[in-house]
Every structure is written in C-alpha cells, then in structure tokens.
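Heads up, the thing below is written out as structure tokens.
The values are calculated or read from the model by the stated rules, or taken from the named source; none is laboratory data. Since this is a predicted model, take the numbers as computed values, not measurements. Backbone-built Cβ (ideal geometry, glycine too); neighbour counts: all protein chains shown. Note: areas computed on protein heavy atoms with side chains; ligands, DNA, RNA excluded. Shrake-Rupley method; radii C 1.70, N 1.55, O 1.52, S 1.80 Å.
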Amino acid sequence: MQRILNFLLILLFCLMLVHTLVYLAFGVALIPFPFDYDQAEGFELNNAVLLASGRCPYCNNDVFPFYGSGYPPLFHMLMVPFVKLFGPQFWYGRLMIFGATLVTALAIAWAVYRDSRHRLIATIAGLAFLSSNYVYHIGPLLRQHLLMVMFETLAVVVIARAFDPRIKTGRRLFVAFALLLCAGYTKQLAYTTCIAVAFWLFLRNPRAAIQYSLGLALAAGAIFALLMLVTDGHWWINIIAANQNPYRMDQFLGLLQQFLRLHGWLLVLAIGMVVYEMYFDRLSVFSVWFVAAFINTSAAGKWGAGDSYFVTALAAVCILSGIFLARSITRSWHLPGNYLSRFLKPAASGKWLALSAAILFLAYGISVFKLPTSGQFFAPIASALNIQPLPSWRYPLYDPAGWTVGYAVTGHLPSQDDYDRGWEIVDAIKQTDGLLLSEDAGFNLRSGREVIGNAIQLKNLWENGLYDPTELIEAIRMHSFGLVIIRAGLFPPLVMTVIHRNYQLDQIISMNGFDYQLWTPRRGATVGDD
C-alpha cells in the first residue's frame, strides 16, 4: 500500500507539473503579444497611462474623451513606473499578473507545508492551483482579478498563524489587513475575504477583530473619500453605480456546473476538511474563507462577470484539499475521544483514506487537462495524440471544460497571422486623419492616438441611466472620427445605431478569432442626420 501511495504522489507531481508547464508556455507566448488579446486589456493599460501623465481615469463620461474605468487604481498604479520607462506596452502588465499567479501558488504551497511539513504534497497543492483551466485562461492577461486573488491569499496565509506564541501577533495582523486593503483597491470583489477574515478573527479575539476591522474600514474610507474629492464624485459613478449589472441565473448555474465538473474532486476534500474542523478541531481561517468565497461565487451571474469569480474559492480549495491529503498520508489527524472518534479513528489511521484522497487529486489532474493545438511545439504533440479542439470551440485549443456563458474565451496561442493582422489594422489607422474610436484601446495606444470611450463602461452606465451620449453622438454625426473600429458592438445601442447611419463598413480584418470592422465616414451623409 505504501508503495502505491508513493507512486501516486510521484504521478500527481508529474501530472501537475505538466499542467504548469503548459500554463507557462501559454504565458511565454502571450505576454509579448502587442495587441489586445482580451477586450478590456487595453483599457486597463490606458488607466496606467493616464495616471502616469497625472490624469485621472475616473472621469465625467458625458464629455470628451468619454472615458472612465470601472476598477480601482492599485494595479494601474503599479504599472506607472513601467509606463514611464517603456511607454504603453502590454507585456509588463501581463507579466505582473502572471507573476501574481505564481506567488499565489507559492502561498498555497507554504500554507500546506506549514501544516504538514510535507514538501511534495505542498508542491502538488500549489501546482494544482496553476493547473486549473480558470487560472490557465486568465492568468497571463492584463486584467487585475488575479492580482486581487494574490493579495487575498497572502492575507489569509499570513493571518492563519497570527496567534502562534512564537511570533508577534500585532505585526501579523497589521500585515494581513494591509494586504486586504490592497486586495480591495485592486478589485471590489475582495470585500468577501475581508468579511471572512474579520469574522474568523472575531471568533479568536473579538477585541483584535474590532480594532483591526475598524482600522481597515477607516483606511479604506479615507482613500474612498479622497478619490471622491479628486474625481468630483465620478469615482462613485464609475466604481459602484456602473457595476449594478443585470443578473443572469443561467450564467451562474452554467459556470457553477462547470466549476464542479472541473474542480469537484478537490472540493470533496475541502468540504471534508471543513467538516472535520467543525466537529473535531478549531475552525481555521482557511475554512471560513472557503465558505465565504464559495458563497460569493454567486456573483458570477452578473452580466460582465465570469469564471474568474471562482478563483478565490479555488485558492481556498487547494489549501484545504492539500492539508487533507497531507494529514491522510502522514496520519496526523487529531481526533478527541468521543463516540464519533471510535468509528473514525480506524479510517484516519489507515491508508485507505490517504489512497482515496490521492485518487481524487488524480481525478482532478485528469479533468482539467487542456492543450493548445497550434504552434511549433504543441501542434505536433496534439497531432500525435490525435487531440482536436471541441466542435463548439473556435480556437486551436483542446479544452474539455466546454463553453458556457461567462467562460473566458482564451487560452490559444497567438499566431504570426494575428501579429500581421494587428499591424495591418495599425497601418490603416495611421493612414486615417481625425480621431479614432475603437472598442479595443490597444490600437489607439499602438498608433499613438488618444483613447476615446470605454465601450463596456459606457454601456454599463447607459443601462443604469448614468450616461448621456449626446456629445459623443454629435461627434459621430460630425464625422470627428476618421475611423471607428467595432469588434462586438459593445457601445450603447443608441451609439451603435448612430455609427451605422453615419459611417460605412470599409473592411473587415480578422485577428485573434475576431472580425474587426473598420468603419469610415459615410460619403454624402447629411451632417446631423441620425
């Protein structure tokens, strides 16, 4: 039996390592890509460009340049030094987020190792995070969500041993709550982790919980008030009011089913760990965090949300399942003497529990298997293994997760054709006079044009009755834009209607799986005609 367990652990390590190498290869291929790979990347970069020049990305969207951001500024501020050194480039923002996922994996591994002192299982738990389809799809993107997850995970791991008599509790608590503040000003969704940590701390030390939670609230409130003052109130409109999007139950249920299908094997172990702590031990901050984060995945049903909303819960699952596997292997369960322990001790002290836990990890490693089917390295492997993209997947990527509303349509390797078509669009922009209105801000930045409008943000504001498009519509009618680039019709419907009536489709250039429509002023159009 011990030989079987040792073999399974080595097999698990190799399997998770293969997943991680595929993830690293995707990151290496994507990070240098000079254009938008995901629709909002360019706008995230533009926020850093604005901050680097002393301007604010939380503007009055009704007036030129009709721009505003829906996310807090910390990630963009971290990019400012790179903007000053290298100009507006995608690579450093992607590299920063990619690095954040690696730090998160290290934090998960450290949490498991600190509990078990089992290096191999700790490594497997960290690699399990990087092996997830969700992390693979969004990890190398210039999007701030996984930076938030990194801050959340670090905060929880730091505070988990805050009451160890060998360390200074106050210092740990201060660092943990400072990390929570960073998480919240990276993305608003971190509020759940803040509540979970404060609740756990209240169970351990009510006085410290009140003291540090109040400190966090005051610090966050002071920053919020300052930003309200600096932006003349548009901070609230862009960050809070604009994010009141419609809820789609089918989107949440589809993502939940997909999450359970991919990660349910580890979820069983995580739930087992929570149940164990409830009945036989003290609740850890990891268990409280997992419950809160999993409940908060319901927010994935909002329009504009997606699979990334499950990644915080995934980090907690990897920690708890890793601890469960380690304790089963080392037989270090602590069962007090009671009527339940008499039935559970034989299983906890035997090797069948360890074998079952290892098999569940193995099932997880198999269920999250994915593979690019293009590129000099992956195309021959996919051909040799007879692996093809699923019929419903339009990219050269095998992903058994399938697709559901809200699932990131990413993960394929950029091709040389994508590079060529991107530069073709930039050349078309440079040959055009006037301003540029584009759904992908990367083209503005790459061609040296000012970023005008943030299509998704304007649509969110429009649907919440917070945006007056009069000035933008007038600029379109007056043909102020020499070129309009449409990828998915993301501007408010009224704006799209005015574009179609005053501009004509000049050409379509396909890049990265999308058809970019280049619209030029309609000849003979009557100025003011809507």
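Going residue by residue through segment 254-270, is there one that turns out to be more than 25 Å from M148 (Cα to Cα), without any contact (Cβ under 8 Å) to a residue 60 or more places away in the chain, open to solvent by less than 20 Å² (accessible area, probe 1.4 Å) and more than 21 Å from the chain's Cα centre (by Cα)?
no
Only one of G434, G448, G453, G422 is small (G, A, S), farther than 15 Å from V63 by Cα and open to solvent by less than 20 Å² (accessible area, probe 1.4 Å); which?
Answer to the selection: G422.
Please tell me if L397 is more than 25 Å from H137 (Cα to Cα) and either free of Cβ contacts under 8 Å to residues at least 60 places away in the same chain or open to solvent by less than 50 Å² (accessible area, probe 1.4 Å) (or both).
In short, no.
Looking at (1) in a helix (DSSP H, G or I); (2) of a type in the set (F, W, Y); (3) farther than 30 Å from F377 by Cβ, can you tell me which one Y71 breaks?
(1)
For segment 490-505, give me each residue that is under 30 Å from P396 (Cα atoms) and loosely packed, with under 15 Cβ neighbours inside 10 Å.
If the condition is that a residue be under 30 Å from P396 (Cα atoms) and loosely packed, with under 15 Cβ neighbours inside 10 Å, then L505 is the only one that fits.
Would a scan of segment 323-333 turn up a residue that is basic (K, R), modelled with pLDDT of 65 or more, surrounded by 14 or more Cβ atoms within 10 Å (Cβ to Cβ) and more than 37 Å from the chain's Cα centre (by Cα)?
no
Mind checking which residues of segment 48-76 are within 22 Å of the chain's Cα centre (by Cα), closer than 15 Å to T231 by Cβ and open to solvent by less than 20 Å² (accessible area, probe 1.4 Å)?
If the condition is that a residue be within 22 Å of the chain's Cα centre (by Cα), closer than 15 Å to T231 by Cβ and open to solvent by less than 20 Å² (accessible area, probe 1.4 Å), then P57, Y58, G68, S69, G70, P72, P73, H76 are the ones that fit.
Check whether at least one residue in segment 77-87 is in a loop (DSSP other than H, G, I, E, B), at pLDDT 95 or above, within 16 Å of N454 (Cβ to Cβ) and open to solvent by 10 Å² or more (accessible area, probe 1.4 Å), and report yes or no.
No, because not a single residue in segment 77-87 is in a loop (DSSP other than H, G, I, E, B), at pLDDT 95 or above, within 16 Å of N454 (Cβ to Cβ) and open to solvent by 10 Å² or more (accessible area, probe 1.4 Å).
Return the residues of segment 192-250 that are open to solvent by 60 Å² or more (accessible area, probe 1.4 Å), under 23 Å from I456 (Cα atoms) and under 24 Å from the mean Cα position of the chain (by Cα); say none if nothing qualifies.
W236, Q244, P246, Y247, R248, M249, D250
Could you grab me the full set of residues in segment 90-112 that are over 15 Å from V156 (Cα atoms) and either surrounded by fewer than 21 Cβ atoms within 10 Å (Cβ to Cβ) or free of Cβ contacts under 8 Å to residues at least 40 places away in the same chain (or both)?
W91, Y92, L95, M96, G99, L102
Would you be able to say whether some residue in segment 26-34 is part of a helix (DSSP H, G or I) and open to solvent by 10 Å² or more (accessible area, probe 1.4 Å)?
There is at least one residue in segment 26-34 that is part of a helix (DSSP H, G or I) and open to solvent by 10 Å² or more (accessible area, probe 1.4 Å).
Could you check L17 against (1) modelled with pLDDT of 95 or more; (2) open to solvent by less than 10 Å² (accessible area, probe 1.4 Å) and say which number it fails?
All conditions pass for L17, except number (2).
Which is closer than 16 Å to V103 by Cβ and either among the β-branched types (V, I, T) or not in a helix (DSSP H, G or I) (or both), of V175, V197?
Checking each option against the conditions leaves just V175.
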